[in-house]
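Asks: Handing you this structure, nothing more for now.
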Amino acid sequence: PLKQVNKLSNESISRYSRQLILPELGVTGQVKLTNSSVLIVGAGGLGCPSAVYLAAAGIGRLGIVDYDEVELSNLHRQILHTEDRVGMSKSQSVATTCHRLNSGVEYVPYHLALDSCNALPIISQYDIVLDATDNVATRYLLNDACVIAGKTLVSGSALRFEGQLTVYNYENGPCYRCLYPKPPPPQTVTNCSDGGVVGVVPGIIGCMQALEAIKIASGIKSSFGQRMLLFDAIDGTFRCVKLRGRQPSCPVCGDAPTITQLIDYEQFCGAKASDKDKAMNIL
Amino acid sequence: PLKQVNKLSNESISRYSRQLILPELGVTGQVKLTNSSVLIVGAGGLGCPSAVYLAAAGIGRLGIVDYDEVELSNLHRQILHTEDRVGMSKSQSVATTCHRLNSGVEYVPYHLALDSCNALPIISQYDIVLDATDNVATRYLLNDACVIAGKTLVSGSALRFEGQLTVYNYENGPCYRCLYPKPPPPQTVTNCSDGGVVGVVPGIIGCMQALEAIKIASGIKSSFGQRMLLFDAIDGTFRCVKLRGRQPSCPVCGDAPTITQLIDYEQFCGAKASDKDKAMNIL
Amino acid sequence: MEISLEFSGGAELLFDNNKKHDVILPDQKEKWNIKNLLVWMKDNMLRERPELFLQGETVRPGILVLVNDADWELVGELEYEIQSKDRIVFISTLHGG
Amino acid sequence: MEISLEFSGGAELLFDNNKKHDVILPDQKEKWNIKNLLVWMKDNMLRERPELFLQGETVRPGILVLVNDADWELVGELEYEIQSKDRIVFISTLHGG
Ligand SMILES: [Zn+2]
Ligand SMILES: [Zn+2]
């Protein structure tokens, strides 16, 4: 467990001075940030900006999960990696870059694919989870694990010129399954490898994920519980919409849940837990 | 002048593959990006995210102007600097970080304060200018220089939990002076040193500046000519408002301009061209 | 009855790659609800591969429907009675990152 | 007449640090325009240091006024005749970065 502090060091006061003077945050909020831990799942287009702004703001512990290694085609949007790290573990690369910016944060890189066995033991060590993944199966896995472990999930996604953001399982609001009880047919799912994405679009959504995590961790309420932000980069429009509440019939967060432990999400979705191949071979 | 290309190398095709497949961008848009140059004035909270996403996207040349050196209290929002660069030139630090991400971009760091003598010779070498500065005097200087040199100015600003974005001098739209013919009284101006700022707020606005510059450079129209984006991070709201058109009476971009060369902007604003001191001693 | 139909997240690709359609629903005996709007859209707007948009009598899993910026679940889903000037948005959920 | 006054960019700090005020303008002989709204705001809402908000009979330089999400320059500035339910926003321009 993260060591809890009740005051800030002189170095912290100096480093965070520009945010400490904000009345909404203040020393109390900064101490809360220092005592908080965030797990980012996915060290890609969303995970890079979220990680660097959470590290800069002085979150206590930052876990970064990614099974993948850096590739040249990642660098147009995954801004914490570098050319000389092609082939290196992405989670390690993110931790290394963030450490140089703020060595006061504890970084825990996990070079693994989140699955039904390891998800709960990892997630339960963190206060807030960021969904910065790139595929449907991991999104359901992460949702169910967060509901079971009682963690708020700050979820971002991006494709082409569009981005979406919601905070799930927050203050008795809905979870991902409340909104999407059935997975989409695999042939309707487009990932960034197939569909493409402008790098700064996940940049903006990842920043918004960091912002909401900072607000929650420091005691300011999130604006996106039971709400979704829709961003269209071509039109330059942001739309905020009201979502349904928690569904009593939800199989995982409802009044009589039928999913009480993690299942096989690749089978449930008929799709692999990566953005490398769209559909599983068994289909 | 920037060497113009008419096709992409194999390495570029591989690096930018995820954005090349977007029909709105495509190879044509990427070639335009490669042939474009952007000048970022200010290597701080706005300049860092703009620089890194423009570099990642493959802009041809990136100029970075900043007179200042890295301080510890910058690192909560100026994410391209590092602890071991405290004391180093900020423009050099940004160029170094971006070079590791994309060495195919030409970086030109300017370790100087933009002023009435050097502004035009520097600005005239670039296609698009980003205002990522932190003080009123430089904002007027940059505006007038962009009008005189005929450059579009993508302007961002941030303070506390709020951010603003506009594109000035774009497609016959208004300039900064059309909106603000008179400078604000110095005692009404709050900078980030005095007022504080949450680091990820300039993060989001800086990403938006990069996005609009990418759209303009690649031939997609900007969404913020004669429009302003207002972001409130506490409420999680984005509001887009319609601005006045170009003012025929504007002293710099109007029909009979009286400002045809750069003036003394510290005197005009009664404030220094830095965020270090609010008012000039002469007041 | 005039309404506005909007598409995002890729759903627009099934509708001439046009994010906004102002349409006029013809007068009919029964009231217009989303259920019969979907039938009308299938007959009049969806050119090909309706299975990428519809499944049975409703939208396929992974498409969120909004009525005037609120989740359709809040207003009755398929049974919601459409009003003149309504803005109905179909959003394909994004999964990339 | 009911209208909504909003403040941002720091202008709210002069109005009880409250970003949104729903106010009722009392009936009066002459029409309400922004010019006399500013006088009314000065008398009824601005507690101290009016010079941080007003200069002469208008807002101080560096404050942008919006009427229903449009720059007041587009609707007549001080002479704009206020309508019931109008949303008038006063934005202090930010300069930080
Ligand atoms: Zn649920
Ligand atoms: Zn002008």
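The values are calculated or read from the model by the stated rules, or taken from the named source; none is laboratory data. Since we're looking at a predicted model, the values are computed, not measured. Every residue, glycine as well, gets a Cβ built from its backbone with ideal geometry; the counts of neighbours run over all protein chains shown. Side chains included, ligands, DNA and RNA excluded: accessible areas come from the protein's heavy atoms. Shrake-Rupley method; radii C 1.70, N 1.55, O 1.52, S 1.80 Å.
Asks: Take the range C:24-53 and flag every residue that is in contact with a helix residue (DSSP H, G or I) (Cβ under 6 Å, 6 or more places away or on another chain) and either open to solvent by 80 Å² or more (accessible area, probe 1.4 Å) or not in a loop (DSSP other than H, G, I, E, B) (or both).
Replies: Passing the criteria: C:N33, C:I34, C:K35, C:K42, C:P50, C:L52.
Asks: Checking D:E30 against (1) among the acidic types (D, E); (2) under 20 Å from B:R227 (Cβ atoms); (3) without any contact (Cβ under 8 Å) to a residue 12 or more places away in the chain, which test does it fail?
Replies: Result: D:E30 fails condition (2) only.
Asks: If you go through the range C:5-23 one residue at a time, how many are farther than 23 Å from C:H95 by Cβ and surrounded by 14 or more Cβ atoms within 10 Å (Cβ to Cβ)?
Replies: 4
Asks: Same structure, new question: How about the range A:171-205: which of its residues are within 13 Å of ligand 1 (Cβ to nearest atom) and not in a loop (DSSP other than H, G, I, E, B)?
Replies: Across the range A:171-205, the qualifying residues are A:Y176, A:R177, A:C178, A:L179.
Asks: Quick one: which of B:S93, B:S14, B:S36, B:S89 is at pLDDT 95 or above and either surrounded by fewer than 19 Cβ atoms within 10 Å (Cβ to Cβ) or closer than 15 Å to B:G206 by Cβ (or both)? Lay out the reasoning, then the answer.
Replies: Values: B:S93 fails: either surrounded by fewer than 19 Cβ atoms within 10 Å (Cβ to Cβ) or closer than 15 Å to B:G206 by Cβ (or both); B:S36 fails: either surrounded by fewer than 19 Cβ atoms within 10 Å (Cβ to Cβ) or closer than 15 Å to B:G206 by Cβ (or both); B:S89 fails: either surrounded by fewer than 19 Cβ atoms within 10 Å (Cβ to Cβ) or closer than 15 Å to B:G206 by Cβ (or both).
B:S14 is the lone residue from the list that is at pLDDT 95 or above and either surrounded by fewer than 19 Cβ atoms within 10 Å (Cβ to Cβ) or closer than 15 Å to B:G206 by Cβ (or both).
Asks: Please go through the range B:228-271 and pick out each residue that is in a loop (DSSP other than H, G, I, E, B), away from ligand 2 (no atom under 15 Å from the Cβ) and open to solvent by less than 20 Å² (accessible area, probe 1.4 Å).
Replies: B:A233, B:G236, B:G270, B:A271
Asks: Would you confirm whether any residue within the range C:83-95 is touching a residue at least 12 places away in the same chain (Cβ under 8 Å), of a type in the set (G, A, S), assigned to a loop (DSSP other than H, G, I, E, B) and more than 8 Å from chain A (Cβ to nearest Cβ)?
Replies: yes
Asks: Yes or no: the range A:184-204 includes at least one residue that is β-branched (V, I, T) and farther than 30 Å from B:L20 by Cα.
Replies: At the first step, the residues of the range A:184-204 found to be β-branched (V, I, T) are A:188-190, A:197-198, A:200-201, A:204.
Okay, now just the ones that are also farther than 30 Å from B:L20 by Cα, so none.
The answer is no; no qualifying residue exists.
Asks: A follow-up question, please. Before we move on, is A:T152 within 30 Å of B:Q19 (Cα to Cα) and not hydrophobic (A, V, I, L, M, F, W, C)?
Replies: No.
Asks: Given the structure, is A:G58 in contact (Cβ under 8 Å) with a residue 40 or more places away in the chain and farther than 24 Å from B:A56 by Cβ?
Replies: Considered against the rule, which asks whether it is in contact (Cβ under 8 Å) with a residue 40 or more places away in the chain and farther than 24 Å from B:A56 by Cβ, A:G58 comes out as yes.
Asks: Which is more than 13 Å from the chain's Cα centre (by Cα), among the aliphatic types (A, V, I, L, M) and modelled with pLDDT under 95, of A:V189, A:V136?
Replies: A:V189
Yes/no matrix, rows are residues, columns are (1) surrounded by fewer than 20 Cβ atoms within 10 Å (Cβ to Cβ); (2) at the interface with chain C (Cβ under 7 Å from one of its Cβ atoms); (3) within 22 Å of A:Q267 (Cβ to Cβ); (4) within 16 Å of ligand 2 (Cβ to nearest atom):
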{"position": "A:R160", "(1), (2), (3), (4)": "no, no, no, no"}
{"position": "A:L165", "(1), (2), (3), (4)": "no, no, no, no"}
{"position": "A:Y170", "(1), (2), (3), (4)": "no, no, no, no"}
{"position": "A:G173", "(1), (2), (3), (4)": "no, no, no, no"}
{"position": "A:R177", "(1), (2), (3), (4)": "no, no, yes, no"}
{"position": "A:V189", "(1), (2), (3), (4)": "no, yes, yes, no"}
{"position": "A:G196", "(1), (2), (3), (4)": "no, no, no, no"}
